[in-house]
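> Before anything else, here's the structure in question.
Every read-out reported here was derived from the displayed coordinates using simple, explicitly stated rules and does not represent laboratory data. Quick caveat, the model's predicted, so the values are computed rather than measured. Because the Cβ atoms are built from the backbone with ideal geometry, glycine has one as well, and the counts that use them run over all protein chains shown.
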Amino acid sequence: MTEPQTSPSLAAIPPPPRPRPLKKIVSTCADVVRNTHDTVTLSFDVGEQPQYTAGQFISIDPKQFTELSRQIAFLEHLKGKKEKHRAYSMSSAPAERYVSITVKAEGFDAAHDNYPPLLSPFLASEGMKGRSVQFIGYTGAYVLPEGHDVITRQVLHLVAGSGIVPNYALLKDELLQAKHPSVKHTMVYVNKTADDVILLAELEELRARFPERLQLIHRITRAPESDDLSARGAHWLRGRPTSEWLKTIVPDPSTVWVYACGAAITEHQRAAAKVTGVPATPRFMEGVEEMLHALGVTKDRFKKEEFG
Ligand SMILES: Cc1cc2nc3c(=O)[nH]c(=O)nc-3n(C[C@H](O)[C@H](O)[C@H](O)COP(=O)(O)OP(=O)(O)OC[C@H]3O[C@@H](n4cnc5c(N)ncnc54)[C@H](O)[C@@H]3O)c2cc1C
């Protein structure tokens, strides 16, 4: 391992391994664990030790579930196009026996949404246990390359809501497997209320176990006044992160490496904005781009995964 330079070159990182071919995988849903009021983790037994890289995702075809067939026919009729696979990042790390995904059941708000969500409410139900589930995997470039300790001492994770999922896998893989021990991880996890925090117990356990390597900060944007966040610990803060605040936790923006994941303006929202002339409301990821720009983090040091 080499000391990072003042202007470390990204060319110092070895090239990524060749992607593995995508496969159709038949699994059995071995376990379902409820994480929050609207989120569950499903664990799939694929019959062997799965081969993937932490941070990658799988794709699930909603058409395999006969219970959804009428809803799919209706939505395809209304939308005038076929329903596609949905992508889900893996919350498991490669050393684990089962492939896990953590799914948030999307809501429906008639004031903003044209259609009800199709697959996520179905997956995020305890009824999945014991079922056969097919998916396509494993893919995605939201991974931490081997040898990143040559160019950084700090990975900053900026995540919101279900955006925690791939970053939780990255953290587990780095910390539990003692990879790149000179690199510290700073995770800023944004949620509306404390009850929305997904994988809370698991994250707090990592924080307690690896105090030298992991700094975890919860930012809660709509906590009711009755919720005394400080009673939960000094790492629980009220309000959104700002670029000024990020400066206090990123000592060297020129060498930090950022992994950001959360909701972004969707293709549907962009299309609607074109028709109405009313710009789409920026979501978490648009805010992240602005903050990082203000902080002076260059695009080549910033990886993002956007959830629609
Ligand atoms: C790489 C990646 C990883 C992801 N990982 C996760 C994860 O770990 N956990 C997780 O919970 N989610 C994850 N997602 C999001 C996930 O893929 C789904 O988008 C999410 O679960 C919603 O799917 P759905 O079928 O429930 O809703 P959908 O049926 O897709 O509907 C979602 C919204 O889109 C609107 N919509 C749909 N079709 C149209 C249309 N034709 N015109 C206008 N509006 C439309 C609906 O009104 C609704 O508001 C990930 C996404 C990506 C790209």
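> How high is the FRET efficiency between Ala11 and Thr266 when r is their beta carbon distance and R₀ equals 51 Å, given to the nearest 0.05?
0.90
> Take each of the peptides 10-18, 111-119, 240-248, 96-104, average the number of other beta-carbon atoms within 10 Å over its residues, and list them starting from the highest.
Highest mean packing first, the order is 96-104, 240-248, 111-119, 10-18.
> Same structure, new question: So how far apart, in nm, are the two label points at Lys129 and Ala111 if each is 7 Å from Cα heading toward Cβ?
3.8 nm
> In a GNM of the chain with a 10 Å cut-off on Cα contacts, which of His268, His148, His185 has the highest mean-square fluctuation?
Evaluated over the chain, the most mobile residue of the options is His268.
> Return the single residue from Arg131, Arg70, Arg34 with maximal mean-square fluctuation; model: Gaussian network over the chain, springs between Cα atoms under 10 Å.
Arg70
> Hey, any idea what the orientation-averaged projected area of the convex hull of the stretch 110-216's Cα atoms comes to, in nm²?
The directionally averaged projection comes out at 9.7 nm².
> Let me ask you something else. Mind checking the full-extension length gain between Glu290 and Leu237? Use 0.36 nm per residue of separation minus the Cα-Cα distance, one decimal, nm.
17.0 nm
> Just need the relative contact order of the stretch 23-139 here, percent rounded to a whole number, with Cα pairs under 8 Å and 6+ apart.
42 percent
> Now a separate question. Measure nothing but the geometry: give the 0 to 90° angle between the long axis through the Cα atoms of 164-176 and the longest principal axis through the Cα atoms of the chain, rounded to 10°.
50 degrees
> Using each residue's phi in the stretch 148-160, evaluate 6.51 cos²θ - 1.76 cosθ + 1.60 at θ = phi - 60° and report the 3J(HN,Hα) Karplus result to the nearest Hz, with x for Gly and Pro.
5, 5, 6, 10, 8, 10, 9, 9, 9, 9, 10, 9, 9
> Also, I was wondering about something else. Straight-line reach from Lys63: which aspartates and glutamates have Cα under 15 Å away, leaving out those fewer than 8 places along the same chain?
List returned: Glu76, Glu83.
> To continue, here is another question. Which far-off residues, 5 or more places away or on another chain, put their amide H under 5 Å from the one on Phe302, with H placed in the peptide plane?
Val258
> Same structure again: If a paramagnetic tag sat 7 Å from the Cα of Ala95 along the Cα-Cβ line, which residues of the stretch 32-50 would have the backbone N under 17 Å from that point?
49-50
> Under 5 Å between amide hydrogens, which residues at least 5 positions from His180 or on another chain qualify, with H placed 1.01 Å from N in the peptide plane?
Excluding prolines and chain starts, which carry no amide H, there are no hits.
> Using the Karplus curve 6.51 cos²θ - 1.76 cosθ + 1.60 with θ = phi - 60°, work out ³J(HN,Hα) for each residue of the stretch 18-30 in order, rounded to whole Hz, and write x for Gly and Pro.
4, x, 6, x, 6, 10, 7, 10, 9, 10, 10, 6, 7
> Please compare each pair in Lys84/Lys304; Lys23/Lys82; Lys247/Lys303; Lys79/Lys303 to a cut-off of 24 Å on the Cα-Cα distance and tell me which ones are over it.
Going by Cα-Cα distance, Lys79/Lys303 fall outside the 24 Å limit.
> Additional query: What aspartates and glutamates does Lys184 reach when the alpha-carbon gap must be under 20 Å and sequence neighbours fewer than 8 apart in one chain are set aside?
Lys184 reaches Glu3, Glu146, Asp149, Asp173, Glu174, Glu202, Glu204, Glu205, Glu212, Asp252, Asp300.
> Still on this structure, please answer the following. Straight-line reach from Lys24: which aspartates and glutamates have a Cα under 17 Å away, not including same-chain ones fewer than 8 places off?
Asp45, Glu48, Asp61
> From the convex hull of the Cα coordinates of the chain, what is the mean projected area in square nanometres?
Taking a quarter of the hull surface, the average projection is 17.5 nm².
> Considering the zone a paramagnetic label at Ala201 would reach in this model (a point 7 Å from Cα along the Cα-to-Cβ line), which residues of the stretch 97-124 have amide N under 19 Å from it?
Residues passing the 19 Å test: 97-98, 100-104.
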